[in-house]
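The values are calculated or read from the model by the stated rules, or taken from the named source; none is laboratory data. Source: prediction; values computed, not measured. Don't worry about glycine lacking a Cβ; one is built from the backbone with ideal geometry, like all the others, and counts go over all protein chains shown.
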Amino acid sequence: MITAVLRIALALWLCHSLMARADDDSLAALKAQFQRPATVPHPDNNPYSPAKFALGQRLFFDPRLSRDNDISCASCHAPATGWEDGRQRAVGSDAQIHERHSPALENLAWASALLWDGRTPTLESQVWFPLTAHDEMAQDVRELQEELQADAAYVAAFDAAYPGKGISLITVSAAIATFQREIVSPPAPFDHWVAGDETAISDEAKQGFALFTGKAGCNACHSGWRLTDDGFHDTGLPASDDSGRYRFSRDDGDRNAFKTPGLRNLARRAPYMHDGSLATLDDVLAHFNGGFTPRPSLSPKMRHPALADGELNALRAFLDTLNSDGGSALPTARPD
Ligand code: HEC
Ligand code: HEC
C-alpha cells in the first residue's frame, strides 16, 4: 500500500518536474528570439570607417544642411528625446508642419524599409528626402555643396572618409548613413534578463512579457530584439488623408498601413504613432486593448485581448524594461 502511494507520488512529481522543464525550455526558446546581435551590419558598398562616422555625425548635427541654416537632422531627431523631437508632428523650415510624427532613429542598421510607409529601402537613399523636402530642410543641393566646399575642415573630413570622391550628395548621404547605423539602443534591463540575470526585471515585468508574447499578442508584430517585424499594418487609428503605405503601393491591403515601430526607449519618445495622436503609453495600451477602429483594412493580427487593469500594468512594467540603462546614448566611433 505504502509503496503504491509512493509510486503515485513519485510519478506525479516526475510529471510535474517534466512539465516545469518543458516550461523552462519554451521560455528559453522565446527569450532566444529577443537576443541582441553582437555586431552592427554595414553594407558592402559603404563599409564602416571611423572617418565616415565622424563626418556623418558632424553633418547630422549641422544646421547648414537646411536652406535657412536653422535646422539640422537632430532638430527633429535629438538623442535627448529618444532620437525624435517630442512634438506631435514634425516642424520644418519656415515653421511648416509635417503631416507625420518624427520617428526614432534607433537600430535602423537592421531595418529593411524606411519611413512610416517604407517607401525608401536604404539609409543612403533616405537622406535625400529630409534634405530637400519643403516641410523639412528645404535645401538646394548645389547650394549645400558650395557651402560645405567653402569650409576647409569639411573638405579635409570628406577626403579622409571618401578619398578622391569629393563633396557630393552621394558622399554626404553615405556618411550620414554610416553615423545613423551606429545609433543602437544600449542594453536595457530586458536584455540582462534575456542573457540570464533573473533579478534584472521584476516579477510583474515577467508577467508583462508573458502577456506581450501570449494573450495580448503584441509580438505578432513587435518581434525580435528590436521589437518590430519591419512590416506594415493597419492598427485602426482614426482614418485621415494619410492612407499610409497604400499611397505609393496602391495595394488595397496597404490602406492605413504604417511601419511597426521598434519599442525600445519608449520613455523618452512620447507622443506615439505615425501621427503622434496618442499622448501617453497608457493611451497606446488602451488603443491595442480594443480602442481601435474596425474596418476592412484592419490587420487580422489585431486582437481584443480585454486585459484587466492589473494586466495592463504588467504590460507597462515590461515595456519599461526596454528602456536602455544609459538612455538613448550618443554613439561613439569605434576602431576600424
Ligand atoms: C523637420 C523635421 C525633420 C528633419 C529636419 C529631419 N527629419 Fe527625419 N523624419 C522626419 C519625419 C516626420 C519622418 C517620417 C516621414 C515619413 O514617414 O514620411 C522622418 C523619417 C526619418 C527616417 C526614417 C526612420 C524610420 O524609422 O523609418 C530617417 C532615417 C530620418 N528621418 C533621418 C533624417 C536625417 C538623416 C535627417 C537630416 C538629413 C533628417 N531625418 C531630418 C522629420 C525630420
Ligand atoms: C497588427 C500588428 C500590431 C500588433 C498586434 C500590435 N502592434 Fe503596436 N504598433 C503596430 C504598428 C503598425 C504601430 C504604428 C501604427 C501607426 O502609427 O499607425 C504600432 C505602434 C505601437 C506603439 C507606439 C510606438 C511609437 O514609436 O509610436 C507602441 C508603444 C505599441 N505599438 C505597443 C504595442 C503593444 C503593447 C501591443 C500589444 C498589446 C501592440 N503594440 C500590438 C503594430 C502592432
Is there a residue in region 288-296 that is modelled with pLDDT of 95 or more and under 19 Å from the mean Cα position of the chain (by Cα)? yes
Please go through (1) in contact (Cβ under 8 Å) with a residue 60 or more places away in the chain; (2) within 10 Å of ligand 2 (Cβ to nearest atom); (3) at positive phi for residue 261 and return the number of the only condition it doesn't satisfy. (3)
In region 213-243, which residue that is within 7 Å of ligand 2 (Cβ to nearest atom) and among the small types (Gly, Ala, Ser) is nearest to residue 99 (Cα to Cα)? 220
Looking at 199, 235, 178, which is the one that is β-branched (Val, Ile, Thr) and without any contact (Cβ under 8 Å) to a residue 40 or more places away in the chain? 199
The listed residue being free of Cβ contacts under 8 Å to residues at least 60 places away in the same chain and within 7 Å of ligand 1 (Cβ to nearest atom), out of 103, 121, 130: 130
Only one residue in 236, 244 is more than 29 Å from residue 327 (Cα to Cα), more than 14 Å from ligand 1 (Cβ to nearest atom) and surrounded by 17 or more Cβ atoms within 10 Å (Cβ to Cβ), so which one is that? 236
Take residue 185 and decide whether it is within 13 Å of ligand 2 (Cβ to nearest atom), crowded, with 20+ Cβ neighbours inside 10 Å and on the phi < 0 side of the Ramachandran plot. yes
Can you find a residue in region 198-206 that is within 15 Å of ligand 2 (Cβ to nearest atom) and among the basic types (Lys, Arg)? no
Looking for whichever is more than 16 Å from the chain's Cα centre (by Cα), more than 15 Å from ligand 1 (Cβ to nearest atom), modelled with pLDDT under 95 and among the acidic types (Asp, Glu) here; the options are 251, 197. Which one fits? 251
From 285, 266, 307, 312, which residue is more than 16 Å from ligand 1 (Cβ to nearest atom), under 18 Å from the mean Cα position of the chain (by Cα) and of a type in the set (A, V, I, L, M)? 285
